[in-house]
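The structure under discussion appears below in the form of C-alpha cells.
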Amino acid sequence: MFASILQRVGQAVFVMFCMTIVVFIGMNLIGNPIDLLISPNATPVERQRLIAEFGLDQAIWVQYWRFLVGLAHLDLGVSYIFNEPALRVILQRFPATMELALMATFLSVLIGVPLGLYAGLRPYSPVSRLIMTSSILGFSLPTFWVGMMFILLFSVQLGWLPSSGRGETVTVFGMQWSFLTLDGLSHLLLPALNLALFKASLILRLTRAGVAEVLPQDYVRLAHAKGLSARRVVYVHVLKNVMIPVVTVVGLEFGSVIAFSVVTETIFAWPGMGKLIIDSINNLDRPIIVAYLMIIVLLFVTINLVVDILYTVLDPRVQFSKTGKR
Amino acid sequence: MPVDLVDPFANEAEETARPMRDLIRSYFRSPIGTFGLVLMVLIVLAAVFAPFLSFQNPYDLLQLDILDGQLKPGETSAAYGYPYMLGTDDQGRDMFSAILYGLRISLGVGILSATTAALIGATLGLVAAYHGGRLESIIMRLVDFQLSFPTILVALMILAVMGKGIGNVILALVLVEWATFARTARGVGLVESRKDYIEASHVLGVPSWRILLRHLLPNCIPPLIVIATVQVARAISLEATLSFLGVGVPITEPSLGLLISNGYQYMFSGMYWMSVFPGLALLVTIVAINLVGDRLRDVLNPRKDT
C-alpha cells in the first residue's frame, strides 16, 4: 500500500513537471508582450531596458530555468498590469472565489437534497416529474446563459438584487468577506445561485437514486415495522445512508465549482480569481496566466491525489500498479 | 451497415440485431423525441440555408446602415424597407440574419469537434479494449487524468496558451471530449470482444485490424452515436461559454456565444434583444439536440423500456 501511494505521489509530481513545460512553452508562443507593454512612442533605449528588465531577451531554456527556479522560490514573476508579484495578485482574489464556491456548494446541497428526497419518496407524482425535468435543464443550460437571465430578471426588470461586485465587506483574519453584511449577502446570492444550479441538479439526481435504492432495503422496512414515525425513518434512517455518496460528490466536485466560477465571476463582475484570469488572458498578462495555471493544476493534482490515496487506504482491493494487467 | 457475405459470423450478428426500420419506428413513438428531431432538423436547415433565409449578409459591411442601429424588434429599416423582426445591434446589423449566420459557426464547431473527438476517442478506446495489457493501462490512465479536470478548465488552459481562434477552440473541444468517447468505446469493446464471433474471427485467422474495423467497431456504434449526439450539444454550449468569456472565436466569425456577449452590455439599458434572441437560439439548439440524444439512448438500449 505504501509503495502504491509513493507511486501515486511520484506521478503527481511528474504531471506537475509536465505542466510547467507545457505552460511555459505555450506562453512563449503567444503574441509578444513587449508590443503590449511598451508604447510605440518609446525610444529604442527605453525599449531595450524594459526587455532586459522582464528577461525577454534571454534564450528560451534560460527563461525556463529561471521560471523553474522562481517556482521553487514561490516567485512567479511580476504582473505586467498590476506591477505586483503575480502570486500575490492571485492570492488576494482567492477569498472572493472561495466565498463564492462555498456559498454555491451550500446552496446546491440546500436545493438538491430536499428536492431529490421528495422526488425519490414520491417517484410518480407530477411534482417529481417536474423536478426531474428541471434537473435536465440544470444540466444542459450553459451557466453563463442562466446567469444572464438572472441579471435580466432580478436586476434589470425587478431591481431586487444587484448584478455586479461584492458589495460591502467585513475584514476577518485579514481577508474580506461579503457574507457577513446584508449588502454583501445580497451581492453574493445571485452569483452563488447561478454557480449552484449545475451541482444542485447533480446532487438532486444522486439523492433521488439513493432514496430509490435505500427504500426497499430490510433495515428501512424494519424501522417501519418497529413503529417508528415515517418522519423519523426518512430523516434518520434513509437520509443518513443517502448522504454518504452525496458528501463524497460534493467534496470531489468542489474543484470543479472553483473552475466554473470563471464563468459566473465574469458575468457578475465578482472580483475573484476567475475574473482575473479572463482579464489577464485578454491583456496577455503572462505572469498572471502562468501563476493561475500552476495554482489550479496544483489544486487539481492535489485533489486527485488525496482521493486516490483515500481510496487505497479505505479499500485494500484497489491496487494501482496492477490495473490493465489480466 | 453492409452485410459481409464472406464472413458467416458477421452475418449472424447482423440477424440478431434489430432491423433499422424497427428502430426508426420506435424512435417516433415518443412525441418529445419526434419534436426534438424536427426542431433539430429545422435548425440545421436554417443554418445551412442561412444566406437564402436572411435579408442581409450581416458581415458584409456594405449592407449595413449605421442609421438602423439599435432598432427594436419589428421596426422597419429606413434604408431597405424591410422590417427587422428581431431588431438590430449597435451597428445596424439585423439580429435575425446574425443569428442564422452565428448558428452556422456554433453548429459547425460543435459537429466538427465532436466527430473528431469521436474518431480519436473511439479508436483509442477500442484499441485499448482489444489489445489490453500495458497499452490499455496507458490509454485508460490518460482518460482518467483527462476526466479528472473540469471541461472548462482544460479548454481555458489550451486557449490561454494557444490564443483564441476557431481552430484553437475546436482543438480545445476535441481534447476535452475524446476521453468520454474512449471510455465508452472501451467499455462496449470489452463486452463485445469476449463474444463468440470475435473469438471465431480469431480462429479463422482474420487480421487484427480487420476484426477491429469490420467486427468490433460496427457493433460498438450505437452507444457511440448516443454519446456523440450529447457531446455535440455540450461542445456547442462550451464553445458559447468560451466565446462569451472572450477567449473563443474571433470577432470576425461570431458564433451565438459571441453575439450574446456583444449584446450583453446593452442589456442594462433595456436593449434586451441583442443578447436574449441569440441566447434563445442557443438554448433551443442545445435542448433539441439533448432531446434527440435522450430518445436515441432509449431506442438503442432495448433493456431500458420505459
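The values are calculated or read from the model by the stated rules, or taken from the named source; none is laboratory data. In this text the structure is predicted, and so the values were computed from the model without any measurement. We place every Cβ from the backbone using ideal geometry, glycine too, and count neighbours over all the protein chains shown.
Here is how the numbers come out for the structure above:
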quantity: Failed condition for residue B:252, given (1) among the polar types (S, T, N, Q); (2) part of a helix (DSSP H, G or I); (3) more than 14 Å from chain A (Cβ to nearest Cβ); calculated: (2)
quantity: Test for residue B:177: is it modelled with pLDDT of 85 or more, of a type in the set (D, E, K, R) and either part of a helix (DSSP H, G or I) or crowded, with 21+ Cβ neighbours inside 10 Å (or both); calculated: yes
quantity: Verdict on residue A:184 being assigned to a helix (DSSP H, G or I), within 30 Å of residue A:241 (Cβ to Cβ) and among the small types (Gly, Ala, Ser); calculated: no
quantity: Residue A:127 under 25 Å from residue A:195 (Cα atoms), among the aliphatic types (A, V, I, L, M) and in contact with a Ser or Thr (Cβ under 7 Å, 6 or more places away or on another chain); calculated: no
quantity: So residue B:245, is it modelled with pLDDT of 80 or more and within 12 Å of another protein chain (Cβ to nearest Cβ); calculated: yes
quantity: Residue match in segment B:127-134 (condition: under 19 Å from residue B:193 (Cα atoms), assigned to a helix (DSSP H, G or I) and basic (Lys, Arg)); calculated: yes
quantity: Residue list for segment A:115-147, filter: outside any helix (DSSP H, G or I) and more than 9 Å from every other protein chain (Cβ to nearest Cβ); calculated: A:122, A:123, A:124, A:125
quantity: Residues (more than 30 Å from residue B:145 (Cβ to Cβ), at pLDDT below 75 and not in a helix (DSSP H, G or I)) located in segment A:1-49; calculated: A:32, A:38, A:39, A:40, A:41, A:42
quantity: Segment A:148-175 residues that are within 14 Å of chain B (Cβ to nearest Cβ) and without any contact (Cβ under 8 Å) to a residue 24 or more places away in the chain, paired with ones that are part of a helix (DSSP H, G or I) and surrounded by 15 or more Cβ atoms within 10 Å (Cβ to Cβ) (beta carbon under 8 Å, 6 or more apart); calculated: A:149/B:279; A:152/B:267; A:152/B:276; A:156/B:267
quantity: Residue within segment B:180-196 that is among the hydrophobic types (A, V, I, L, M, F, W, C), more than 26 Å from residue A:139 (Cα to Cα) and away from every other protein chain (no Cβ under 14 Å) present; calculated: yes
quantity: Residue that is modelled with the lowest pLDDT, among those in segment B:259-278 that are within 17 Å of residue B:97 (Cβ to Cβ) and touching a Phe, Trp or Tyr at 6+ places or on another chain (Cβ under 7 Å); calculated: B:274
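Results for (1) acidic (Asp, Glu); (2) within 20 Å of the chain's Cα centre (by Cα); (3) surrounded by 15 or more Cβ atoms within 10 Å (Cβ to Cβ); (4) at pLDDT 85 or above, shown as yes or no for each residue.
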{"site": "A:93", "(1), (2), (3), (4)": "no, yes, yes, yes"}
{"site": "A:110", "(1), (2), (3), (4)": "no, yes, no, yes"}
{"site": "A:127", "(1), (2), (3), (4)": "no, no, no, yes"}
{"site": "A:143", "(1), (2), (3), (4)": "no, yes, yes, yes"}
{"site": "A:146", "(1), (2), (3), (4)": "no, yes, yes, yes"}
